[in-house]
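Scroll down for the structure; my scribbles are underneath it.
Values in this text are rule-based calculations from the coordinates and carry no lab data. Keep in mind that this is a model prediction, so the values were computed, not measured. With ideal geometry, Cβ positions are generated from the backbone for all residues, glycine too; neighbour counts draw on all protein chains shown.
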Amino acid sequence: MSDTRSAAAIVERCQALYDDLDFNAVRQWKASAPGRKAIGYMPIYVPRELVHAAGMLPVGILGGGDQLEVIQGDAYYQSYICRIPRSTIELGLTGRLDCLDGMLFPSICDVIRNLSGMWQILFKDKYVRYFDVPQNYEDAIGGTFYTHELEVLRDDLGRLRGAPVTDDELNASIGVYNENRAAVRALYAYRSEKPWQAPTSEVYLVLRAGMVLPPEEHTALVREYIAAADSTPRPKRDNARIVMTGSFCEQPPLGLIKSIEMAGCYIVDDDLLLVTRWLQADVPADGDPLVELSRAFLHHSAATAARYDQKREDKGVFLLKQVKTRGAEGVIFAAPSFCDPALLERPMLQDVMAKHKVPYTAFKYAENTGQMAPIREQAGTFADSIKLWSAA
Amino acid sequence: MTATAPMPASLKKPQVVKEDAMWLQKELINRNYHELATAREAGRKVSATFVPGNLNELLMCFDFARSLPETNALQNGLRKKSGRLIMDAERDGQSEDVCTYVKADLGMMMGGEIGPTGEVLPRPDILLLSYTGCFTFMKWFELIRHKYGCETVMLHVPYQGDGKIAPNMRDYVVKQLKDTVIPTLERISGVKFDIDRLRQYMRESQKAEDDLVAVLQSAKNRPSPIDGYFGAVYYIGPIFTAFRGMPEATQYYRVLRQEIEQRVREGKGPVTPDGDMGEEKYRLVVEGPPNWTSFRDFWKMFYDEGAVVVSSTYAKVGGLYDFGFRHDADRPLESLAEYCLGCYTNLNLPSRIDMICRYIDEYQADGLLINSIKSCNSFSAGQLLILREVERRTGKPAAFIETDLVDPRYFSAANVKNRLESYFQMVNQKRAAAAAGSVPPTLAAAAAALPPEGAEFAPRGGPSAGSVPPTLAAAAAALPPEGAEFAPRGGPSARTR
């Protein structure tokens, strides 16, 4: 077909979206019809279905990356606090987030939690909600609490648009996101199967596009990328297959992902942009939507440091499953500096990996890390050692 | 102090002056450590839980000996033992970036669980994870469980993101208490839950709470008879830890209140480690926990200058009693839920700012000092905005210093002292200007002022609060301290396995 884009063209489009710190895609979406609204959300997870069902655009806000000069944001934070809140504040104070009509701050850590209060003070004309999620996974306990939290959000969004959000609208949106999740699962499966055809530096950008595009458009984009990537053979290298973990909030710079790949690693699974894969199974789209979203959260969520493991034996099971199902040969623990959840979780996960004889290495980064040589050296040494061990 | 609570002579050390109540507090804490150390031979099960959302009355219903890991860490900090424990934990794989309470506790457990008093503490039978106002709590007990196999029971306390306790939040906590926490505690302890026993403890708690509030609010007097930060950490010790609900705590607070009321009648200021404080020159409100490793030196920097802390947010970390909360025996579980939900660090930032402004007004304070703690994101993230907002709303100067809880590497005495002295000068200037009928912009106001668009800032990696040096808000006791090594921001750390 003449209008079929190459993988490179798709990635170029995604790169442009990634580079655009003014969120012009969001502005254009809003401008294309009167009365449209957009709601920002921070990592790790919010039920985007509710925002979509209200006719609004959910927009993932992931800090400023390595291209944003943080000037005002630094005045709000001490040196020992991670980078994502300061660059997010910078985005807000410089007007880049004016296109958002509200912000959701999920329960992930104390820094993002407190940022919700800062947002209430600094941006008084915006809708701001701290979105709490249960750490009790019983339907009758945590489920009841969470369903109520969903109800509050649904009512708030209904008020914001001037009409209640109906069950039918919600079920339709659940269907839309089921399709998106299926496409993302297919993308991850494809990358794991042929990582040389779909390098993570590209997969990440394709996934990241979903932070600013409507889900229907993003689903089509993901499918298109898989087809395009598969149509042109690329050289297969003797790289080590690794899972990258710990990067679920503040994002590593794209250069870091590229450096790991250039150093001889195929990233075959990760916890980047986990909102796209948080619910691990389809959500029934024909029931009580809030109850179904609650059940999905309680029983089919991904595991991450911000989520309580009820039993000691649960620790590391999710990561180990990623390693086993993807045929990974090692784990790279890549956590942002000063990220309490990731850094406190890390020793436990490392212990589980050690017990299962999964090799690992670890480093820290910031979203604006510029020096890649040490990371390339470390990842390269790690990849070499995996190859040596596996040959032994 | 009356004869009802005589001090053990052995505890009285002439070189340090303390109120009788402070000595008694120390005795209570030490006694609890002894009870913990002998729990096994006494046939008692051992619980561990955190200070914010501490359900002491409930744990007592099951006859647990009660350990509080934060208290263990701070006691080790006060006794200059925490530095080594932290480094032991870091050698065992903990990041240099994370909470030093956690690392001090893990280091203590790794080192044979020798408690602050030198006695070996037993491994807890149950970790009651009161997940209240601090994300790190969850990881802390997961780490202990992972390493030592202790069973954990979660009590998830939702955050007051909207600045209020919604019925859904309270119901959620109550349900967890009924369906998860209490059955687990029954199973572990072998003791059946008796709600009337809980009620009795809560009635006892309420008496102590009334007296504690009277003590804390005595600081509204001039001079203040107490220090509401350095002194208050002694006063809150029993009620925030293993003693609330016990007759001993009730007695302690009754005696303490009498002692303080006597000081008011006599027009006396606080008792400091060097004796009665001299003239009260400055009245401050403090936000943030204290530094424990140099606690006395830190306090001395205040009282040497005639500065008294009239109120502090840290003294509310285990309950906002001064704003009216009391344990209510008529609705015990609901009341426990509200207690957990209402702890200071579970408040959103606007509520924290309201509270500080109210303190400045009601206690006639000269200004706000923020002691920003490297370890504690729950307290620290957002404090620079708190500073700015409090200054804007009250017109009172604010200052910002940085230390840590129990990591001695992050206490730079010279920097802290310099900043405090500058701050006191600023308060003087502001007073002089007010007396002269004009109020020029203070250094603190400049410090707090956030930059206009396009303003230049100190680069990252420089002193934190890194906004507007040479002001107080910036870089007060800038990290890193002398000799401490830090991974550079923006670059990967060297830790690898």
By Cβ neighbour count within 10 Å, fewest first, A:LEU213, B:LEU58 rank A:LEU213, B:LEU58
Over chain A, relative contact order from alpha-carbon pairs under 8 Å, at least 6 apart, %:
20 percent
The protein assembly as shown - mean residue ellipticity at 222 nm from DSSP helices (-39,500 (n - 2.57) per run, n ≥ 4, rounded to 500):
-14000 deg cm²/dmol
Given a Förster distance of 41 Å, report the FRET efficiency between A:GLU217 and B:ARG40 from their Cβ-Cβ distance, rounded to the nearest 0.05.
0.05
Using only the alpha-carbon atoms, how far is helix A:289-299 inclined from the longest principal axis of chain A? Give it as 0 to 90 degrees, nearest 10.
30 degrees
Taking the 0 to 90 degree range and rounding to the nearest ten, how far is the long axis of helix A:7-19 tilted relative to the main principal axis of chain A, both from C-alpha atoms?
60 degrees
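Would you mind ranking B:ASP407, A:ASP156, B:ASP366 so that the residue whose beta carbon has the fewest other beta carbons within 10 Å leads the list?
Placing the least packed residue first, the sequence is A:ASP156, B:ASP366, B:ASP407.
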Could you list A:HIS300, A:HIS52, A:HIS148, B:HIS146 in order of exposure, starting from the residue whose Cβ has the fewest other Cβ atoms within 10 Å?
A:HIS300, A:HIS148, B:HIS146, A:HIS52
In nm, spacing of pseudo-spin labels at B:ASP276 and A:LYS311 (7 Å Cα→C-beta vector)
6.4 nm
For the range B:11-448, report the % of Cα-Cα distances exceeding 33 Å.
32 percent
Name the shape class, rounded, prolate or oblate, that the alpha-carbon gyration tensor gives for the range B:10-116, where a ≥ b ≥ c are the square roots of its eigenvalues, rounded holds for a/c under 1.5, and otherwise prolate holds if a/b is larger than b/c and oblate otherwise.
oblate
Options B:SER372, B:GLY163, B:GLY437, ranked by Cα towards positive dipole end of the range B:11-448, top entry (Cβ charges)
B:GLY437
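Shape of chain A from its Cα gyration tensor (a ≥ b ≥ c, root eigenvalues): rounded if a/c is under 1.5, otherwise prolate when a/b > b/c, or oblate?
Here chain A falls in the rounded category.
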Just want to confirm a number: the relative contact order over the range A:1-93, from Cα pairs under 8 angstrom separated by 6+ residues, in percent.
21 percent
Hey, what angle do you get for helix A:167-193 against the long axis of chain A, alpha-carbon based, 0 to 90 degrees rounded to 10?
10 degrees
Cleavage-rule hits (trypsin sites (Lys or Arg not before Pro)) in the range B:122-223: DSSP loop, at most 15 neighbouring Cβ within 10 angstrom:
B:LYS164, B:LYS192
In the range B:11-448, if the dipole is taken from +1 on Lys/Arg beta carbons and -1 on Asp/Glu beta carbons about the Cα centre, which of B:CYS99, B:SER351, B:TYR252 is farthest to the positive end?
B:CYS99
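Just need the relative contact order of the range B:11-448 here, percent rounded to a whole number, with Cα pairs under 8 Å and 6+ apart.
19 percent
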Net charge dipole size for the range B:11-448 [Lys, Arg +1 and Asp, Glu -1 on Cβ; Debye, nearest 20]:
260 debye
With charges only on Cβ, +1 for K and R and -1 for D and E, what is the dipole size of the protein assembly as shown about its Cα centre, in debye, rounded to 20?
1220 debye
What's the long-distance tail for the range A:22-155, i.e. % of Cα pairs beyond 25 Å?
28 percent
Between the range B:357-428 and the range B:60-123, what is the separation of their alpha carbon centroids in Å?
27 Å
Which lysines, if any, have their Cα less than 22 Å from the Cα of A:LYS324, not counting same-chain residues under 8 positions apart?
A:LYS194, A:LYS236, A:LYS311, A:LYS315, A:LYS355, A:LYS357, A:LYS387
Restricting to bridges with both residues inside the range B:11-448, how much of the DSSP beta-bridge set is antiparallel, in percent to the nearest 5?
10 percent
Value of Rg to Rh for the protein assembly as shown (Rh from inverse mean 1/r over Cα pairs, i.e. Kirkwood):
0.97
On full extension of the chain, what length is gained from B:ALA434 through B:ASP63, given 0.36 nm per residue of separation minus the C-alpha to C-alpha distance?
127.7 nm
